[in-house]
Amino acid sequence: MKNLESLRSSIIALSAIYYYKISPPQIVFVMEFLKSETSLKQNIQKEINVILLGETGSGKSTLINYFTNYFHNGTLENLKIAIPTKHHVATEDLKHHEDNVQDTSKSKTRACAVYTFRKEDTIYNFIDTPGLSDTKGAAQDDFNVRQIMGAAEQSGMLTAIILVINGTQARATVTLRNTLCLLRSSIPDVLLQNLIVVLTNCFAASANFEMVHLKPWTVPEANVFHMNNCALSRPLSVRVKNIHMKKILKTEWECSMETIEKLIQNLTQLGGKTTEAFTQMRMKRDRIKSQLHSILLDVKKFQVLQNELDVMKITQKNISTDIQKYSDYKQTKQVEITEFEQCGYYSTICSVCSNTCCDDGTNVSPFQIILGMVLNEFPLLNMVYNFINLFSSSVEPLCKCNHPLHKHYNANVRPVKRIKTIEEILQDVKNAYDQNVSKNEEIEIKIGNLDSDIAAVKDALDEKTAEIPKCCRELKMLCSQFNFVDELQGIFDIMERDARTLTSMVVRADAEKRIRNVKHVVDTLTSAEKSG
């Protein structure tokens, strides 16, 4: 069982490191908290976990010291100090995370720390937290809020959230308004019923702070406590020298300890609430930011693909122009040809030049006419005749066309010269045409692939854009006062800045539309909060 508890503690600590990026002192805090929880839970019937929240200098650490005196039986003459102050050193063996206690302008608590006390059968774990609205600025506040929410989540069960406010403030200062704004975005609604307010540096009759400043939160009167914790704000030497002040401090001390007693009784009556809501809030916040960041990356990917597509379309246009240019690779030309047509008389035709040497039958012996007719009818005989005449061609007289007579024949046809149009292919032009057609087919395939890739990116963008409003509404249900504007404005600024650098009008218009849609959801949720 001991090994299992040790394993559980290690797992929770590692989770805190991963999700909240906490520092080594915070890791020690988580491990100490879990160690004390494990060692004491077997003998304790009831356990109360309380987290203290407030702006820097409101008195959270001082309140822890009052709790220390209450549980450790401290007195005004024998103070029990868990957290060192400007005038008092630590007397108890309780680890703290205090820095520069002499500088009152800065938060002294740099990390969450748990202070564990036991009374009868109940164990009390008070979680001190860094002050908000610190002079280090918004970045430090964001870091501190993550620490606080992480500590609350890791506690598993919370009995109460104590909001510590300087009760001498007559109005909500800028720092207090900022603190309350941060807290409203950090505390889930399910835990608001367990909200306790402690107004410090005052009594009920002298308190200047009005609870109306906490709206829309409503805190029952039974959960509002006043305590003048000035006993720890002065050195011991002042009390020794000034008898009158000693009497006043004694009265204030007794009143403050009575307040602590009532506060402890109140805590024992409150039921613990699971901190699962903190886990859900963290997951929703991380999911929203993750999706917005992913949209940023997808828009950049969309830009790259769209640029490539634009280049491809320009290239295709140029190729189409070349295809049109080289499409006229066929040429027609007119040539003169000789054709024979039937006629009603016999003509002497030269088989070499196809001329008609005699087209009326005159000057031709009957023997030539009969021979021509026979040779025309019997091609094989004509071949033999021509072969025989080949040897006698040297002595044979020539026709007027200057070709041997045996190259002539008689037939009842006459040659006719005609002009004919023929088609000629210019091979170089056709090769250029074929190459451009092939390039165009390749470009079309690439364009089709780019269109598919762009469609896939847009589908992914649609899905992520649609999930953000869903997560926002779910987060709103967990924490009705969540400040989406403060949470998301930073990443909206980045998205709008990046949108202005996009060179594709299509991508830029798409990105700006998505930003407007998400902003509209945020504005709607914010408006609903104000109207409610």
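The values are calculated or read from the model by the stated rules, or taken from the named source; none is laboratory data. None of the values given here were measured: they were computed from a predicted structure. When we count neighbours, we look across all protein chains shown, and the Cβ atoms used for this are built from the backbone with ideal geometry, even at glycine. Areas reflect the complete protein model, heavy atoms only, side chains present, ligands, DNA and RNA absent. Shrake-Rupley method; radii C 1.70, N 1.55, O 1.52, S 1.80 Å.
Okay, here's what the table says:
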| quantity | calculated |
| --- | --- |
| Residue within region 166-178 that is open to solvent by 20 Å² or more (accessible area, probe 1.4 Å), among the charged types (D, E, K, R) and assigned to a helix (DSSP H, G or I) present | yes |
| Verdict on S452 being at pLDDT 90 or above, open to solvent by 60 Å² or more (accessible area, probe 1.4 Å) and not aromatic (F, W, Y) | yes |
| Residues of region 399-431 satisfying the condition of being buried (at least 16 other Cβ atoms within 10 Å of the Cβ) and touching a Phe, Trp or Tyr at 6+ places or on another chain (Cβ under 6 Å) | N410, V413, P415, V429 |
| Complete set of residues in region 98-135 that are in contact with a strand residue (DSSP E or B) (Cβ under 7 Å, 6 or more places away or on another chain) and modelled with pLDDT under 70 | E98, K108, T109 |
| Residue satisfying all of: in region 499-511; surrounded by fewer than 16 Cβ atoms within 10 Å (Cβ to Cβ) and in contact (Cβ under 8 Å) with a residue 12 or more places away in the chain; farthest from V190 (Cα to Cα) among these | T503 |
| Any pair with Cβ under 9 angstrom, 6 or more apart, that starts in region 203-215 at a residue that is on the phi < 0 side of the Ramachandran plot and part of a helix (DSSP H, G or I) and ends at one that is open to solvent by 80 Å² or more (accessible area, probe 1.4 Å) and of a type in the set (D, E, K, R) | M211/E221; H213/R171; H213/R177 |
| Of all residues making up region 267-316, the number that are surrounded by 16 or more Cβ atoms within 10 Å (Cβ to Cβ), in a helix (DSSP H, G or I) and touching a strand residue (DSSP E or B) at 6+ places or on another chain (Cβ under 8 Å) | 1 |
| Hey, V485 part of a helix (DSSP H, G or I), modelled with pLDDT under 85 and either open to solvent by less than 50 Å² (accessible area, probe 1.4 Å) or within 25 Å of D141 (Cα to Cα) (or both) or not | yes |
| Some residue of region 339-356 being assigned to a helix (DSSP H, G or I) and either over 26 Å from N449 (Cα atoms) or modelled with pLDDT of 90 or more (or both) | no |
